[in-house]
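Reading through the structure tokens given below for one structure.
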Amino acid sequence: MSYELHLLNLALVYGLSALGLSLCVGHVGQLSMAQAASFGVGAYAYAIFGVAYSLPSWAALGAAAGVAVAFSFLQGFIARSLAEDEFVFGTLAFNVMIAGLLFNGTDGTSRLGSLRNLTNGPYGITDVPPLPSRALGAEPWLLTLTIAFVVVILLITSYAAIASPWGRLLRAIRDSPTLALSLGKKVFSERARAAEVASFLGSMAGVLYASHARYIDPSVASTDLSVFFLTCLLLGGAASFWGPLLGSAGVVLLPEVLRLFGVGGATVASLRVIGYAAVLFALLHLRPGGLLSRGEQPGRRGAV
Amino acid sequence: MSSFLNGGCPPAVLRGLGLKKTFGSHVVFESLDIELRPGELVLLRGENGAGKTTLIDLLTGNQRADSGRLEILQEDGTTRVVDARRADPPTLARLGIVKCWQRPELFWSHSVRDNLRIASSGSEDSALRVLAQAVRFSKPGRVPATEEPDPYLAEFGLESLVERKVTALSFGQSRRVSLALSAIVGTRALLLDEPLASLDREGTKAVNQLLGQLVEEKKRAVLVVEHALNERLLAGFDYRVLELRSRRLERKEGGEPTSSGVGSPVDLWTGTLEGGTGLRRYGPVEPMGDGGFLLRFRSAPPEGSRPLLSLERLRVQRGAWELFSPQRGQGDGLSMAIHSGDVAVLLARNGWGKSSLAKVIAGDLPATAGQVLLNGQPTLDLPSWARRRQGLLYTETANALFGNLSVAETLRLKVGSESLDGLRLAPHREVRTLSGGERQRLALHCALNAADSRLLVLDEPFNGLDRETVARWLELFEAAALQGKAILICLPA
């Protein structure tokens, strides 16, 4: 049973991160390559507060949320300053930088969590406290319930944001930044807001991931993971609410489906990569706007 | 304010003072002053490249000036001064100064209602308010009643369209929605770049009515740039003319009364083509079905030769509609024949399929039935480049020139010689630095002078052109017709 819960946890966590990313990519129309940076920073913040400073799980979650808010302003700054291609490369560079900091944040000897050894570098951090508390131990049911609880609260808030006039304004900016500007909309600030919310949700997903995996290393902030989140998002449909959630569930469950066909173990890992590529190609061809799109791309129309 | 009460001119709502703008070594304005008063329609005139669009952009913050300032009179009577070097569109929009583009710019994935809501929303769409609502769990996502933009709809006659996606609007309707968006935000001054371009009669009427409301009832200051042949469509208005000439604004008293009012499109275009050239209308007005007409002009009688271009029962699928079909009252398709020496003018409403027809003839769009014959040879199976080799030349409204080539390079590529005969453009300028009208001029020049062309298909060639250029094109049309070429011109009516 615990394997199914393991998959469910992953689907929830990735879904939350992909949904956050959808605000930036699908709604306001800026392709961010730095969602894993937020994910990794959230995961590390939770782990460091929980392990090095021995905070109780809930307190570590709260403190990590504070770090997530602070970190989101960095992502917001990038979104405010750069647009289009420059934004893609800017976020990619930012992600590489954060991953590099996490990888090199150690001198090998000092105490974990001190300035000289903030992240333990490539060795990662072990024995990360589980949610809801260390005392209750790593009970799979409790962990899944807690993750689901946090995710659902954040999803409801996100849903409200997406359906609100603010969400509508974001999509309007995606359609025509020029028109939005000339109607008095603060396009650059709104892009920053969207990137901040995206980053916050990504960091919170990272926190939950750390409590689920119990061990983290710098790969939680790798650019591969950023691409993975984009894959989840594009699979499901970047500008819908359910799309990113569905896409993440699909990506998590795809190897299990392959297992049904007698493909398992180490083969899965390599097949999975090919599988992603095949599915992505098929999807981009059949549904350019994602699984939940109606098959048509919002965009220009030709003069009749 | 006092002068207004005294019956003098009301104070200006928007003033541009000492505006200077250069592009590299090219000086557009040295030190330009302009003022717009409430309840006034101003027509901005000027040669192509004189800087009409640039001036609109400077006044709305879409481009930044090298020096100068903008003064905006606010509702409370105070004046707000904005440095024209640092002006940006949101700041000016919040002060009620808005630009409207020639090509309707809309939020394409939204409905008409949402487009209007986005324009009219004040602080409802702020992220902080949304967050506060979410924290209080106060029915998030519900649109507050105060946000309903119904009054706007009644004013602009858009009630029947509100539920539609803007992608499902006709060209004329999207122009109206686009103007409505600008008018919602532009509570002081509206600066419109060719608001009547490409509109048919009905669309022109609707937009004119809207302009009238804005100027007379709402007392907005409205500045309009319109190409030479469309000025006559403003005939019903009392407007002031400003002319941009050699980097300065000159005031002209009243519009020269051109043809009075809006006559029938057939008379209008007959007058335009016959005036000043030896071209004369020839044969009857040929109905093309669905309200479209074909007029023929020649300067020499036909020699009874085989037609250069003939269409036989042509039908075209465009999106969900089949053009030139029985459902549109056009029998079993569109047929016409154009002979050597013809200058044929196709007049039809927006949505009739003029641009689609031009594309089918050129080979950019497939036909579902019928045939296109060039010199008597079926050409529907030929790719566009092969049709070009047979002497067919097609110029789009938004013409395809290469932005990084200079004028001289473009001429060498498209015409084969660098002769600038009558073009009035510096040969070294890069195409992307040309104004909209200048580009149109260059594209037409290339089309008319290409040595091996025999049939020209021109889609709305007069957009963005000044008076002098229009007169010159008409002469060139005549010359081309005398050489035995044929021209098909598509125009909205």
For chain B, the percent of accessible surface on carbon and sulfur atoms (probe 1.4 angstrom, ligands and nucleic acids excluded) is 50
Long-range alpha-carbon pairs in the protein assembly as shown, meaning those over 35 Å apart, account in percent for 58
Yeah, segment A:3-220 with a ≥ b ≥ c from its alpha-carbon gyration tensor (a/c under 1.5 is rounded, else prolate when a/b outruns b/c, oblate otherwise) is oblate
Among the DSSP H helices of chain A, those whose Cα atoms extend at least 18 Å along the helix axis and whose mean Kyte-Doolittle hydropathy is 1.6 or higher are A:140-163, A:223-236, A:266-286
For segment B:374-449 the trypsin sites (Lys or Arg not before Pro) that pass both the DSSP coil test and the at-most-16 other-Cβ-within-10 Å test are B:R424
Inter-chain shielding metric for B:104-116, i.e. average beta-carbon neighbours from other chains within 10 angstrom, reads 4
Expected integer from the mean partner chain Cβ neighbour count at 10 Å over B:159-169 is 1
The long-range amide H neighbours of B:R280, using H built 1.01 Å from N in the peptide plane and a cut-off of under 5 Å, are B:R298, B:S299
Checking rank on A:47-59, B:190-202, with mean other Cβ inside 10 Å and highest first, the result is B:190-202, A:47-59
From the cross-link list B:K52/B:K165; B:K99/B:K219; B:K359/B:K485; B:K205/B:K359, the entries with a Cα-Cα span beyond 21 Å are B:K52/B:K165; B:K205/B:K359
Check: C-alpha center segment A:31-91 vs C-alpha center segment B:449-491, spacing in Å is 61
Here, B:E418 and A:E84, labelled 7 Å along Cα→Cβ, have an inter-label distance in nm of 3.2
Looking only at aspartates and glutamates whose Cα falls under 13 Å of B:K218's and that sit 8 or more positions away or on another chain, we get B:E40, B:E155
Between chains A and B, the summed loss of accessible surface on complex formation, probed at 1.4 Å and reported to the nearest 100 square angstrom, is 3200
With T = 37 °C, eta = 0.692 mPa s and Kirkwood Rh from C-alpha pairs, the Stokes-Einstein D of segment B:321-395 in µm²/s is about 244
By the mean-Cβ-within-10 Å protection proxy, highest first, B:483-493, B:368-378 rank as B:483-493, B:368-378
Expected unfolding gain across B:T78-B:L405 under the 0.36 nm per residue rule, minus the alpha-carbon gap, is 112.9 nm
Protection proxy (average C-beta count within 10 Å per residue), highest first, orders B:105-118, B:277-290 as B:105-118, B:277-290
With the 8 Å Cα cutoff and a minimum separation of six or more residues, segment A:3-220 has a relative contact order in percent of 43
Only helices counted: for chain B, with every DSSP H run of 4 or more residues adding -39500 (n - 2.57) and the sum spread over all residues, [θ] at 222 nm is -8000 deg cm²/dmol
A 1.4 Å probe over the protein heavy atoms gives chain A a carbon and sulfur accessible-area percentage of 69
Candidate cut points under GluC sites (Glu not before Pro) in segment B:292-374, DSSP loop plus at most 13 other Cβ atoms within 10 Å of their own Cβ, are B:E303
Mean other chain Cβ within 10 Å across A:243-250 is 0
The correct pair for segment B:2-255, radius of gyration to one decimal and Dmax as a whole number, both in Å and from Cα atoms, is 19.2, 62
Any aspartates and glutamates whose Cα falls less than 16 Å from that of A:K186, other than same-chain ones fewer than 8 residues away, would be A:D175, A:E196, B:D88, B:E124, B:D125
Computed on Cα atoms, Rg of chain B relative to 2.2 N^0.38 Å comes out at 1.06
Hull surface over four for the Cα convex hull of segment B:188-333, reported in nm², is 13.5
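The values are calculated or read from the model by the stated rules, or taken from the named source; none is laboratory data. From a predicted model like this one, the values you see are computed outputs, not experimental measurements. Ideal geometry is used to build each Cβ from the backbone, glycine not excepted, and the neighbour counts take in all protein chains shown. We work out accessible area using only protein heavy atoms, side chains counted, and drop any ligands, DNA or RNA first. Shrake-Rupley method; radii C 1.70, N 1.55, O 1.52, S 1.80 Å.
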